[in-house]
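Peer 1: Got a structure for you, questions after.
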Amino acid sequence: MRNLFTIDTQDYDSNGTVFSRPSVRAIIIEEQKVLMVHSLKYDYYKFPGGGIDTGEGMEEALCREVAEEAGRMVVPGSVREYGLVRRITRGDKTDIFLQDNFYYLCDVGETVGQHLDDYEAEERFTPEFVIPQHAIETNRFHDHHGRWGIVQERESRVLEMLMDEGYFQ
């Protein structure tokens, strides 16, 4: 998978302990809009996705996360690699938090009910098809409470790459 970019805050002890949490993210495009999860509490957009559980494959994790966060089923056979974004920041419980975010293009079909984690429910995660520029502007021009701004910048940069590469034409 191609490397898209790395976000490295360099705010950690480089000789310290590392916690690694790989994740998958879904890029779902329909009619010039992209399916994003909108945090109604903090007003930001993110791609549906999340951490890969132990023993779980990438595509399996992607399908599970899209169903949980966006309430949609990934169409079998539609998953295609897009790229990798590495995030390195100071961790909450360890010195370094390392997250490889694997982005996949895919299609969705059937609607199912969301199954949100406690923090996702508290943030009132809502799936929305949005114009990419709207998600970018929302993510970049609102206060996102400290470290969450890194996530919003990551998602904005991926959206800009998709736009530059002609995915919304």
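Peer 1: Need one number: nm distance between label points at TYR42 and THR94, each 7 Å from Cα along Cα→Cβ, rounded to one decimal.
Peer 2: Reported label-point gap for TYR42 and THR94 is 2.1 nm.
Peer 1: Hey, if you put +1 on the Cβ of every Lys and Arg and -1 on every Asp and Glu Cβ in the chain, which of VAL158, ASN15, THR138 ends up farthest toward the positive end of that dipole?
Peer 2: ASN15
Peer 1: For the chain, report the accessible area per residue in Å² (1.4 Å probe, heavy atoms, rounded to an integer). Write out the running numbers ahead of the final one.
Peer 2: Details: 8560 Å² over 169 residues.
Each residue of the chain exposes 51 Å² on average to a 1.4 Å probe.
Peer 1: Within 12 Å, Cβ to Cβ, of GLU59, how many net charges do the neighbouring residues add up to if Lys/Arg are +1 and Asp/Glu are -1? The partial results should precede the final answer.
Peer 2: Working: positive: ARG64, ARG80; negative: GLU56, GLU60, GLU65, GLU81.
Here the charged neighbours net out to -2.
Peer 1: At most 15 other Cβ atoms within 10 Å and a DSSP loop assignment: could you name the chymotrypsin sites (Phe, Trp or Tyr not before Pro) in segment 9-48 that fit?
Peer 2: Numbers: sites: TYR12, PHE19, TYR42, TYR44, TYR45; in loops: TYR12, TYR42.
The qualifying sites are TYR42.
Peer 1: Write down the percent of antiparallel bridges among all DSSP beta bridges whose residues are both part of the chain, to the nearest 5. Let's see the in-between values first.
Peer 2: Details: 26 of 39 bridges.
Rounded to the nearest five, the antiparallel share is 65 percent.
Peer 1: OK, next. What part of the accessible area of segment 1-125, given as a whole %, is carbon or sulfur when the probe is 1.4 angstrom?
Peer 2: Numbers: 2860 of 6220 Å².
Taking all protein chains in place, segment 1-125 shows 46 percent carbon and sulfur surface.
Peer 1: What percent do you get for the relative contact order of the chain when only Cα pairs under 8 Å and 6+ apart count? Spell out each step's value before the answer.
Peer 2: On the way: 347 pairs, mean separation 53.9, N = 169.
Contact order relative to length: 32 percent.
Peer 1: Over the residues of segment 100-164, compute the C-alpha Rg and express it relative to 2.2 N^0.38 Å.
Peer 2: Numbers: Rg = 13.5 Å, N = 65, 2.2 N^0.38 = 10.7 Å.
This ratio for segment 100-164 stands at 1.25.
Peer 1: Pull up the cross-link candidates among the aspartates and glutamates for LYS33, meaning alpha carbon to alpha carbon under 14 Å and not fewer than 8 places away within one chain.
Peer 2: Straight-line reach from LYS33, under 14 Å: ASP107, GLU128, GLU160.
Peer 1: Could you rank the peptides 109-121, 157-169 by their average count of other C-beta atoms within 10 Å per residue, with the highest value first?
Peer 2: Values: 109-121: 12.0, 157-169: 14.6.
The most tightly packed comes first, giving 157-169, 109-121.
Peer 1: Dipole magnitude of the chain about its Cα centre, charges +1 at Lys/Arg Cβ and -1 at Asp/Glu Cβ only, in debye to the nearest 20? Could the numbers behind the result be given before it?
Peer 2: Working: 18 positive and 32 negative charges, 63 e Å.
Charge dipole of the chain: 300 debye, to the nearest 20.
Peer 1: Further, regarding this structure: Could you list which residues have their amide H under 5 Å from that of GLY83, counting only those 5 or more apart in sequence or on another chain, with H placed in the peptide plane?
Peer 2: TYR103
The values are calculated or read from the model by the stated rules, or taken from the named source; none is laboratory data. The model shown is predicted, which means the values in this text are computed figures rather than measured ones. Backbone-built Cβ (ideal geometry, glycine too); neighbour counts: all protein chains shown. SASA here: full protein model, heavy atoms, side chains in, ligands and nucleic acids out. Shrake-Rupley method; radii C 1.70, N 1.55, O 1.52, S 1.80 Å.
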